[in-house]
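Each remark here refers to the structure printed beneath this line.
None of the figures in this text is laboratory data; all of them are computed from the coordinates on show. Remember, predicted model here, so these are calculated numbers, not experimental data. Positions of Cβ are generated from backbone atoms using ideal geometry, with glycine treated the same way; all protein chains shown enter the neighbour counts.
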Amino acid sequence: MQQLVVSPRCSKKNLSILIVEDEEESREALRELLSQLGHSCVTASDGLDALEKLTENQFSIVITDISMPRMDGIELIKRIKTDFYDNVDVIAITGHHAQYKYTDIIKSGASDFMIKPFSFDELEAKIKRIARERYHLAQLKQLSIRDGLTELYNRRHFDKNLRHEATRALRQQYDLYLLLIDIDSFKYYNDKYGHREGDNLIRGLAEIVLANIRKNVDSAYRYGGDEFAVILPHAKRHQAHSVGERLCTKYKERNLVPTSLSIGMAKLKYFSDSLEENLQVLISEADKALYRGKGNGGDQVRDNGCEVVSANSLTL
Ligand code: GH3
Ligand code: MG
């Protein structure tokens, strides 16, 4: 699913919180109060217990005591920051403020710090601040990987995801195809109907692409200007072909004359130990196939073996 979504774990309310405290009474009191605020809470009795819970569940915030048997809070915070970095915020609570300085605890990776006895209002305010920051950070992260016009993933994210997907495909030895899509005669359309209509056409194509690929498997990108890319992991040649054909056909149904789509497809191959080299070949082959199709009149899907499939000749 590619729509602009901020994970519920990052939303401003209803956080998943892990409470780490060796003293049962305090632990249960915290759990009850935080649950009353609508958060879902899990408890752990020390650092080791907390690490186990962290591997079993996803938490937004860990509230941890510092002095605990087996593994103390400082060690726990360090482990959280190395193993679960970015995903978890920690609020440390201590009654031994002479033993641990604020700076020591923040340096170990905690987002905030409280000294016992503390008021519940103070804890609530700190949780709210962290939740707000997490929410905005998640939004920023989403924006940084999206194209502003179409909300598809952007080119930067394409580069990152392609590396990730290709690594998995080569390691696990399954087929991966890349489609590069370019609108034919788009300049003419822009000139004739204006830039705003041109923008609408680009948005419309993004919708078509999203509606015709497998959710949670394939991914679509605005590659730049009037070019789009689709990564198809676990796809055979005929499947990649038919995705391309379907896109051409669905696009034609919108009757945005004189524009049409040219699509080049290529299969990821292992040429060298350098992933970058393999990716360069993949992109260059899809690009060459695309331009061969364009040179041949456009409105077609070509693969790197030069095969042409005319969208006009399809019976659906
Ligand atoms: P070809 O058939 O060879 O693909 O040529 P074309 O007319 O489609 O033009 P080309 O692909 O060479 O260039 C893409 C054009 O798309 C150039 C640019 O003015 C236009 N363009 C790029 N980004 C945007 C955009 O965000 N909105 C609009 N309206 N136009 C854009
Ligand atoms: Mg074009």
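Taking 35 Å as R0, compute the FRET efficiency from the Cβ-Cβ separation of Arg168 and Lys192 and round it to 0.05.
Efficiency, rounded to the nearest 0.05: 0.20.
Which number comes out as Rg/Rh for the stretch 155-303 once both Rg and the Kirkwood Rh are worked out on C-alpha atoms?
Values: Rg = 15.1 Å, Rh = 15.5 Å.
With Rg and the Kirkwood Rh in hand, the quotient comes to 0.98.
Can you give me the distance in nm between label points at Glu122 and Arg203, each placed 7 Å from the Cα along the Cα-to-Cβ direction?
Going from the Glu122 label point to the Arg203 one covers 5.0 nm.
What are the ³J(HN,Hα) values, in whole Hz, obtained from phi via the Karplus relation 6.51 cos²θ - 1.76 cosθ + 1.60 with θ = phi - 60°, for each residue of the stretch 251-264 in sequence order, with x given for Gly and Pro?
Each residue's phi maps through the Karplus curve to give 5, 4, 4, 7, 6, 8, 5, x, 7, 7, 10, 10, 10, x Hz.
When the chain is fully extended, how far beyond the present Cα-Cα distance does Asp175 get from Glu23, taking 0.36 nm per residue of separation?
Difference between extended and current length: 49.3 nm.
To the nearest 20 Debye, how big is the dipole of the stretch 155-303 about its Cα centre, given +1 on the beta carbon of each Lys and Arg and -1 on that of each Asp and Glu?
The calculated dipole for the stretch 155-303 is roughly 320 debye.
Among DSSP beta bridges whose residues both lie in the chain, state the antiparallel percentage, nearest 5.
50
Below 8 Å between Cα atoms, with a sequence gap of 6+, how large is the relative contact order for the chain in percent?
14
Could you work out the relative contact order of the stretch 155-303, using alpha carbon pairs under 8 angstrom and six or more residues apart, expressed as a whole percent?
Taking the mean separation of contacting Cα pairs over the length of the stretch 155-303, I get 32 percent.
Quick one: Cα centre-to-centre distance for the stretch 50-96 and the stretch 136-158, in angstrom?
When both Cα centres are located, 30 Å separates them.
Let me confirm the definition first: pairs of Lys residues in the stretch 180-268, 8 or more apart or on different chains, C-alpha distance under 20 Å. How many are there?
On the way: Lys187/Lys252; Lys192/Lys252; Lys215/Lys236; Lys215/Lys250; Lys236/Lys267.
Pairs that pass both the separation and distance tests number 5.
Once phi is turned into θ = phi - 60°, what whole-Hz ³J(HN,Hα) does the Karplus curve with 6.51, -1.76 and 1.60 give for every residue of the stretch 154-166, x standing for Gly and Pro?
Using θ = phi - 60°, the values come out as 8, 4, 4, 6, 4, 4, 5, 5, 5, 4, 5, 5, 5 Hz.
What aspartates and glutamates sit close enough to Lys126 to cross-link, taking a C-alpha to C-alpha distance under 14 Å and skipping anything fewer than 8 places away on the same chain?
The reachable aspartates and glutamates, counting only those whose Cα sits under 14 Å from Lys126, are Asp89, Asp112.
Please give every one of the aspartates and glutamates within straight-line cross-link reach of Lys288, meaning a C-alpha to C-alpha distance under 13 Å, and leave out same-chain neighbours fewer than 8 residues apart.
Within the straight-line cut-off, Lys288 pairs with Asp182, Asp303, Glu307.
Could you name the lysines whose alpha carbon sits less than 17 Å from that of Lys160, not counting residues in the same chain fewer than 8 places away?
By straight Cα distance, Lys160 reaches Lys141.
Given H placed on each backbone N at 1.01 Å, which residues far from Gly95 in sequence or on other chains put an amide H within less than 5 Å of it?
HN-HN under 5 Å from Gly95: Ile66, Ser67, Lys116.
Report the relative contact order of the stretch 16-145, percent, no decimals, based on alpha-carbon pairs under 8 angstrom and at least 6 residues apart.
Over the stretch 16-145, the number comes to 19 percent.
State, to one decimal in nm, how far the label point of Arg214 lies from the label point of Phe84, with both points 7 Å from Cα in the Cβ direction.
Taking the two extended label points, one gets 3.2 nm.
Within the stretch 95-129, find all residues whose amide N lies under 18 Å from a label point positioned 7 Å from the Cα of His136 along Cα-to-beta-carbon.
111-112, 125-129
Work out from phi, with θ = phi - 60° and the Karplus expression 6.51 cos²θ - 1.76 cosθ + 1.60, the ³J(HN,Hα) of each residue of the stretch 284-291, listed in order in whole Hz, and give x for Gly and Pro.
With coefficients 6.51, -1.76 and 1.60, one gets 5, 5, 5, 5, 5, 4, 4, 6 Hz.
Quick one: divide the alpha-carbon radius of gyration of the chain by 2.2 N^0.38 Å and tell me what you get.
1.33
Can you list residues from other chains, or at least 5 along the same chain, whose modelled amide H is less than 5 Å from the amide H of Tyr153?
Residues meeting the criterion, in which the H sits 1.01 Å from N, are Asp147, Ala220, Arg222.
Among Gly224, Tyr188, Asn161, whose Cα sits farthest toward the positive end of the charge dipole of the chain (+1 at Cβ of Lys/Arg, -1 at Cβ of Asp/Glu, about the Cα centre)?
Tyr188
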